[in-house]
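First up is the structure itself, then whatever we jot down about it.
The values are calculated or read from the model by the stated rules, or taken from the named source; none is laboratory data. It should be emphasised that the depicted structure is a prediction, and the values quoted were computed from it without experimental measurement. Note that we place each Cβ from the backbone using ideal geometry, even for glycine, and neighbour counts take in every protein chain shown. SASA here: full protein model, heavy atoms, side chains in, ligands and nucleic acids out. Shrake-Rupley method; radii C 1.70, N 1.55, O 1.52, S 1.80 Å.
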Amino acid sequence: MYFSQDYLIRQIEIISRYIAEVVFHRKNRDFSLTAENHYESRNNSDDFLYLYSLIDKGEIDFAENILYEKIENNKSLDILELGLDFYSYLNSKSEEFLETNNFSRQEIFDGIKDLQDKFGLKGLL
């Protein structure tokens, strides 16, 4: 079990970084920040802080629903970036945190794959 979880963690990181490099021309993203530090370093909208705060409270499904509402209303690159950061931030959480809040690494992996589909990046990987 541990090996498969470790493999999924690495796959999520690789996919997220690859999309960030190809689409946003960025390398070496650090997704291990707290919500507040990430928000300050991004100097962006409240979307990041709000979604990350929900994740930190364990309201992952609710946060994911909000993310998908944003995607349905706006397919801009900013929203794609928000989605990648969202799933990467989730991926930085411990296995215990995810299990306690009824979320899995497979759901994170599937979420990134859904992002690819929604933004027309399916053939990217």
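Brief remarks on what is shown
- In the set (1) over 15 Å from the mean Cα position of the chain (by Cα); (2) surrounded by 13 or more Cβ atoms within 10 Å (Cβ to Cβ), Ser92 fails one condition alone, (1).
- Checking each residue in region 39-69 for being at pLDDT 90 or above and under 21 Å from Leu121 (Cβ atoms) picks out Glu64, Leu67, Tyr68, Glu69.
- Across region 57-77, the number of residues qualifying as under 13 Å from the mean Cα position of the chain (by Cα) and more than 20 Å from Asp110 (Cα to Cα) comes to 0.
- Taking region 47-110 as the region of interest, the helices (runs of 4 or more DSSP H) fully inside it that hold 3 or more residues being in contact (Cβ under 8 Å) with a residue 40 or more places away in the chain are 60-73, 77-91.
- Residue within region 73-85 that is farther than 22 Å from Arg10 by Cβ, modelled with pLDDT under 90, open to solvent by 60 Å² or more (accessible area, probe 1.4 Å) and basic (Lys, Arg) present: yes
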